[in-house]
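So the structure is just underneath, and the comments pick up after that.
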Amino acid sequence: MTPTKLTAYVAQVPDCVKITTLLEELGLEYTLRLVDVSKAEQKEPWYLEINPNGRVPAITDILPDGEKLSLFESGSIMQYIVDRYDSDHKVSYPRGSAEAYLTSSWLFFQTSGVGPMQGQAMHFTRFAPDKLEYPLYRYRTETRRLFGVLDKHLATSTSSYLVGDRCTIADLALWPWVVSDFWAGVSIDPYSHLKKWEQLMSARPGVDKGRHKPGPHFMKELASDQGLQKTIEDVAGQWIRGLQDANAKANNDTEGKSDVGR
(Lines give C-alpha, C1' and ligand atoms only; values in the text may rest on other atoms or scores of the structure.)
Protein backbone atom coordinates (compact mmCIF):
# COMPACT_ATOMS: atom_id res chain seq x y z
CA MET A 1 0.00 0.00 0.00
CA THR A 2 1.26 3.45 -0.93
CA PRO A 3 0.97 5.88 2.02
CA THR A 4 -0.67 9.27 1.45
CA LYS A 5 -1.93 12.16 3.56
CA LEU A 6 -5.25 12.06 1.76
CA THR A 7 -8.54 12.05 3.66
CA ALA A 8 -11.77 11.05 1.91
CA TYR A 9 -15.07 12.39 3.27
CA VAL A 10 -17.78 10.00 2.16
CA ALA A 11 -21.18 8.43 2.76
CA GLN A 12 -22.75 5.34 1.21
CA VAL A 13 -23.95 6.95 -2.02
CA PRO A 14 -22.81 6.20 -5.60
CA ASP A 15 -20.61 9.27 -6.02
CA CYS A 16 -18.66 8.38 -2.87
CA VAL A 17 -18.24 4.75 -3.89
CA LYS A 18 -16.54 6.12 -7.02
CA ILE A 19 -13.82 7.59 -4.82
CA THR A 20 -13.24 4.65 -2.49
CA THR A 21 -13.12 2.11 -5.32
CA LEU A 22 -10.53 4.27 -7.08
CA LEU A 23 -8.42 4.51 -3.94
CA GLU A 24 -8.57 0.75 -3.48
CA GLU A 25 -7.81 0.07 -7.14
CA LEU A 26 -4.63 2.12 -6.76
CA GLY A 27 -3.69 0.48 -3.48
CA LEU A 28 -3.39 3.76 -1.61
CA GLU A 29 -3.38 4.25 2.14
CA TYR A 30 -5.79 7.01 3.10
CA THR A 31 -7.88 8.26 5.99
CA LEU A 32 -11.60 7.65 5.75
CA ARG A 33 -14.04 10.10 7.33
CA LEU A 34 -17.67 9.01 7.21
CA VAL A 35 -20.10 11.92 6.92
CA ASP A 36 -23.55 11.34 8.44
CA VAL A 37 -25.76 12.89 5.79
CA SER A 38 -28.89 11.74 7.64
CA LYS A 39 -27.97 14.28 10.34
CA ALA A 40 -26.92 16.94 7.79
CA GLU A 41 -23.30 16.76 8.89
CA GLN A 42 -22.34 17.89 5.39
CA LYS A 43 -23.92 21.26 6.21
CA GLU A 44 -21.86 21.86 9.35
CA PRO A 45 -19.29 24.71 9.28
CA TRP A 46 -16.24 22.44 9.52
CA TYR A 47 -17.34 20.53 6.42
CA LEU A 48 -18.36 23.61 4.47
CA GLU A 49 -14.77 24.81 4.81
CA ILE A 50 -13.80 21.71 2.82
CA ASN A 51 -16.73 21.69 0.42
CA PRO A 52 -18.67 24.97 0.27
CA ASN A 53 -21.40 23.18 -1.68
CA GLY A 54 -22.21 21.05 1.37
CA ARG A 55 -22.35 17.69 -0.38
CA VAL A 56 -20.36 14.48 -0.43
CA PRO A 57 -17.76 13.41 -1.46
CA ALA A 58 -14.81 15.66 -0.74
CA ILE A 59 -11.13 15.11 -0.06
CA THR A 60 -8.26 16.89 1.60
CA ASP A 61 -4.61 16.24 0.80
CA ILE A 62 -1.19 17.76 1.39
CA LEU A 63 0.64 18.88 -1.73
CA PRO A 64 4.40 18.35 -2.11
CA ASP A 65 5.05 21.97 -1.10
CA GLY A 66 3.13 21.44 2.15
CA GLU A 67 -0.02 23.30 1.12
CA LYS A 68 -3.32 21.75 2.18
CA LEU A 69 -5.71 21.11 -0.70
CA SER A 70 -9.47 20.64 -0.40
CA LEU A 71 -11.38 19.32 -3.39
CA PHE A 72 -15.04 18.60 -4.09
CA GLU A 73 -17.07 17.23 -7.03
CA SER A 74 -16.41 13.55 -7.63
CA GLY A 75 -15.11 13.87 -11.19
CA SER A 76 -12.58 16.50 -10.18
CA ILE A 77 -11.48 14.37 -7.25
CA MET A 78 -10.96 11.32 -9.47
CA GLN A 79 -8.89 13.30 -11.96
CA TYR A 80 -6.74 14.69 -9.17
CA ILE A 81 -6.11 11.27 -7.64
CA VAL A 82 -4.89 9.72 -10.89
CA ASP A 83 -2.85 12.80 -11.79
CA ARG A 84 -1.15 12.70 -8.41
CA TYR A 85 -0.95 9.01 -7.57
CA ASP A 86 -1.37 6.90 -10.72
CA SER A 87 2.06 7.41 -12.28
CA ASP A 88 1.99 3.80 -13.51
CA HIS A 89 -1.36 4.44 -15.23
CA LYS A 90 -3.16 1.50 -13.64
CA VAL A 91 -6.55 3.14 -14.22
CA SER A 92 -5.58 6.05 -16.45
CA TYR A 93 -3.56 6.98 -19.52
CA PRO A 94 -0.68 9.42 -19.99
CA ARG A 95 -1.81 13.03 -20.06
CA GLY A 96 -2.19 14.30 -23.62
CA SER A 97 -2.90 10.89 -25.12
CA ALA A 98 -6.05 10.22 -27.13
CA GLU A 99 -7.09 7.67 -24.51
CA ALA A 100 -6.79 10.24 -21.73
CA TYR A 101 -9.11 12.63 -23.55
CA LEU A 102 -11.59 9.85 -24.26
CA THR A 103 -11.54 8.85 -20.60
CA SER A 104 -12.48 12.43 -19.70
CA SER A 105 -15.37 12.33 -22.16
CA TRP A 106 -16.85 9.24 -20.55
CA LEU A 107 -16.17 10.57 -17.06
CA PHE A 108 -18.08 13.75 -17.87
CA PHE A 109 -20.80 11.63 -19.50
CA GLN A 110 -21.33 10.16 -16.05
CA THR A 111 -21.12 13.37 -14.04
CA SER A 112 -23.31 15.43 -16.38
CA GLY A 113 -25.63 12.74 -17.71
CA VAL A 114 -26.02 9.41 -15.95
CA GLY A 115 -25.59 10.76 -12.41
CA PRO A 116 -28.07 13.64 -12.62
CA MET A 117 -30.68 11.78 -14.69
CA GLN A 118 -30.54 8.51 -12.77
CA GLY A 119 -30.30 10.41 -9.49
CA GLN A 120 -33.55 12.20 -10.26
CA ALA A 121 -35.14 8.90 -11.30
CA MET A 122 -34.09 7.47 -7.93
CA HIS A 123 -35.51 10.43 -6.05
CA PHE A 124 -38.90 10.41 -7.75
CA THR A 125 -39.10 6.61 -7.62
CA ARG A 126 -38.14 6.18 -3.98
CA PHE A 127 -38.41 9.39 -1.99
CA ALA A 128 -40.95 11.76 -3.53
CA PRO A 129 -44.11 11.90 -1.39
CA ASP A 130 -46.23 11.68 -4.55
CA LYS A 131 -45.46 9.34 -7.46
CA LEU A 132 -45.89 11.81 -10.28
CA GLU A 133 -46.14 10.25 -13.72
CA TYR A 134 -44.27 12.84 -15.77
CA PRO A 135 -40.97 13.09 -13.82
CA LEU A 136 -40.89 9.30 -13.47
CA TYR A 137 -41.35 8.92 -17.21
CA ARG A 138 -38.82 11.63 -18.09
CA TYR A 139 -35.96 10.57 -15.84
CA ARG A 140 -36.37 6.84 -16.32
CA THR A 141 -36.61 7.26 -20.10
CA GLU A 142 -33.47 9.39 -20.16
CA THR A 143 -31.63 6.93 -17.92
CA ARG A 144 -32.51 4.09 -20.28
CA ARG A 145 -31.31 6.17 -23.23
CA LEU A 146 -27.97 6.76 -21.53
CA PHE A 147 -27.67 3.06 -20.72
CA GLY A 148 -28.27 2.43 -24.42
CA VAL A 149 -25.41 4.78 -25.34
CA LEU A 150 -23.11 2.85 -23.02
CA ASP A 151 -24.29 -0.50 -24.34
CA LYS A 152 -23.71 0.48 -27.96
CA HIS A 153 -20.23 1.79 -27.16
CA LEU A 154 -19.25 -1.28 -25.15
CA ALA A 155 -20.32 -3.50 -28.04
CA THR A 156 -17.31 -2.15 -29.96
CA SER A 157 -14.81 -2.54 -27.11
CA THR A 158 -12.22 -5.31 -27.48
CA SER A 159 -11.33 -5.10 -23.78
CA SER A 160 -14.93 -4.83 -22.48
CA TYR A 161 -13.94 -1.55 -20.79
CA LEU A 162 -14.94 1.94 -21.91
CA VAL A 163 -11.55 3.18 -23.13
CA GLY A 164 -8.64 1.23 -24.55
CA ASP A 165 -7.25 -1.84 -22.87
CA ARG A 166 -7.95 -1.18 -19.21
CA CYS A 167 -10.40 -0.14 -16.53
CA THR A 168 -10.22 3.64 -16.05
CA ILE A 169 -11.76 6.26 -13.81
CA ALA A 170 -14.61 6.45 -16.33
CA ASP A 171 -15.54 2.83 -15.62
CA LEU A 172 -15.14 3.36 -11.88
CA ALA A 173 -17.34 6.46 -12.02
CA LEU A 174 -20.17 4.70 -13.82
CA TRP A 175 -20.22 1.38 -11.99
CA PRO A 176 -21.88 2.53 -8.72
CA TRP A 177 -24.71 4.05 -10.73
CA VAL A 178 -25.21 1.18 -13.16
CA VAL A 179 -25.28 -1.38 -10.34
CA SER A 180 -28.05 0.70 -8.73
CA ASP A 181 -30.32 0.46 -11.77
CA PHE A 182 -33.34 -1.03 -10.00
CA TRP A 183 -33.32 1.72 -7.37
CA ALA A 184 -34.22 4.12 -10.17
CA GLY A 185 -36.97 1.86 -11.48
CA VAL A 186 -34.98 0.72 -14.52
CA SER A 187 -32.96 -2.37 -15.46
CA ILE A 188 -29.76 -3.09 -17.35
CA ASP A 189 -31.06 -6.54 -18.36
CA PRO A 190 -31.98 -5.46 -21.92
CA TYR A 191 -28.44 -4.12 -22.44
CA SER A 192 -26.29 -7.23 -22.81
CA HIS A 193 -22.95 -5.48 -23.25
CA LEU A 194 -23.57 -3.15 -20.33
CA LYS A 195 -24.62 -6.08 -18.16
CA LYS A 196 -21.43 -7.97 -19.08
CA TRP A 197 -19.40 -4.86 -18.22
CA GLU A 198 -21.14 -4.51 -14.85
CA GLN A 199 -20.29 -8.11 -13.99
CA LEU A 200 -16.69 -7.57 -15.07
CA MET A 201 -16.42 -4.49 -12.87
CA SER A 202 -18.07 -6.18 -9.88
CA ALA A 203 -15.48 -8.96 -10.02
CA ARG A 204 -12.56 -6.57 -9.60
CA PRO A 205 -11.02 -6.87 -6.11
CA GLY A 206 -10.54 -3.12 -5.78
CA VAL A 207 -14.17 -2.45 -6.66
CA ASP A 208 -15.42 -5.14 -4.29
CA LYS A 209 -13.33 -3.79 -1.42
CA GLY A 210 -13.88 -0.13 -2.12
CA ARG A 211 -17.66 -0.34 -2.43
CA HIS A 212 -17.96 -1.28 1.25
CA LYS A 213 -15.67 1.46 2.59
CA PRO A 214 -18.42 4.09 3.08
CA GLY A 215 -20.51 1.40 4.81
CA PRO A 216 -22.11 -1.87 3.69
CA HIS A 217 -22.90 -1.80 -0.02
CA PHE A 218 -25.78 -4.17 -0.70
CA MET A 219 -27.43 -2.92 -3.88
CA LYS A 220 -27.58 -6.35 -5.50
CA GLU A 221 -29.05 -7.93 -2.38
CA LEU A 222 -31.48 -5.05 -1.95
CA ALA A 223 -32.92 -5.63 -5.41
CA SER A 224 -34.72 -8.77 -4.23
CA ASP A 225 -35.79 -7.53 -0.79
CA GLN A 226 -38.99 -5.53 -1.17
CA GLY A 227 -39.43 -5.13 2.58
CA LEU A 228 -36.02 -3.56 3.08
CA GLN A 229 -36.58 -1.31 0.07
CA LYS A 230 -39.75 0.03 1.70
CA THR A 231 -37.99 0.59 5.02
CA ILE A 232 -35.19 2.56 3.37
CA GLU A 233 -37.67 4.57 1.35
CA ASP A 234 -39.58 5.54 4.50
CA VAL A 235 -36.60 6.31 6.72
CA ALA A 236 -34.38 7.99 4.15
CA GLY A 237 -37.31 9.79 2.58
CA GLN A 238 -38.08 11.54 5.85
CA TRP A 239 -34.62 12.99 6.38
CA ILE A 240 -34.16 13.82 2.68
CA ARG A 241 -37.39 15.81 2.65
CA GLY A 242 -36.49 17.35 6.01
CA LEU A 243 -33.13 18.52 4.68
CA GLN A 244 -34.81 19.79 1.54
CA ASP A 245 -37.25 21.84 3.60
CA ALA A 246 -34.45 23.20 5.77
CA ASN A 247 -32.52 24.29 2.69
CA ALA A 248 -35.61 25.92 1.25
CA LYS A 249 -36.21 27.84 4.48
CA ALA A 250 -32.57 28.93 4.70
CA ASN A 251 -32.75 30.27 1.14
CA ASN A 252 -36.27 31.70 1.39
CA ASP A 253 -37.30 29.20 -1.28
CA THR A 254 -40.81 27.93 -0.71
CA GLU A 255 -40.48 25.21 -3.34
CA GLY A 256 -37.17 23.67 -2.25
CA LYS A 257 -34.83 21.39 -4.14
CA SER A 258 -33.48 17.86 -3.73
CA ASP A 259 -30.13 17.94 -1.94
CA VAL A 260 -28.63 14.51 -1.34
CA GLY A 261 -25.16 14.95 -2.83
CA ARG A 262 -23.20 14.77 -6.01
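The values are calculated or read from the model by the stated rules, or taken from the named source; none is laboratory data. Predicted model only: the values in this text are computed from it and were never measured. So basically every Cβ, Gly included, is an ideal-geometry build from the backbone, and we count neighbours across all protein chains shown. For the accessible areas, the whole protein counts, side chains as well, though only heavy atoms, and no ligand, DNA or RNA atoms are used. Shrake-Rupley method; radii C 1.70, N 1.55, O 1.52, S 1.80 Å.
Values computed for the structure shown
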quantity	calculated
Nearest-20 debye value, segment 114-262 charge dipole, Cβ charges on Lys, Arg, Asp, Glu	320 debye
Cα-centred dipole magnitude for the chain, charges only on beta-carbon of K, R (+1) and D, E (-1), debye, nearest 20	360 debye
Efficiency of FRET between GLU67 and SER112 - r from beta-carbon atoms, R0 30 angstrom, step 0.05	0.55
Length-normalised contact order of the chain in % [C-alpha pairs under 8 Å, at least 6 apart]	24 percent
Proportion of all alpha-carbon pairs of the chain beyond 26 Å (%)	41 percent
Relative contact order of segment 13-94, defined on C-alpha pairs under 8 angstrom at six or more residues apart (%)	26 percent
Per residue accessible area of the chain, 1.4 Å probe, in Å²	49 Å²
Computed [θ] at 222 nm, helices only, for the chain once each DSSP H run of length n ≥ 4 contributes -39500 (n - 2.57)	-14500 deg cm²/dmol
Which of SER159, VAL178, GLY215, positive extreme of dipole for segment 112-262 (C-beta unit charges)	SER159
About the Cα centre, charge dipole magnitude for segment 1-76 (Lys/Arg +1, Asp/Glu -1 at Cβ), debye	180 debye
Along principal axes, Cα extents of segment 30-119, largest first, whole Å	43, 39, 18
Fully extended contour minus Cα-Cα distance, from GLU29 to ALA236, at 0.36 nm per residue	71.4 nm
Relative contact order [Cα under 8 Å, 6+ residues apart], segment 1-146, whole percent	18 percent
Relative counts (whole %) of C-alpha pair distances in segment 121-250, using bins that are 10 Å wide	11, 36, 34, 16, 3, 0
Longest segment of the chain lacking GluC sites (Glu not before Pro) that sit in a DSSP loop with at most 12 other Cβ atoms within 10 Å	68-254
Protein accessible area in the chain, 1.4 Å probe - carbon and sulfur %	53 percent
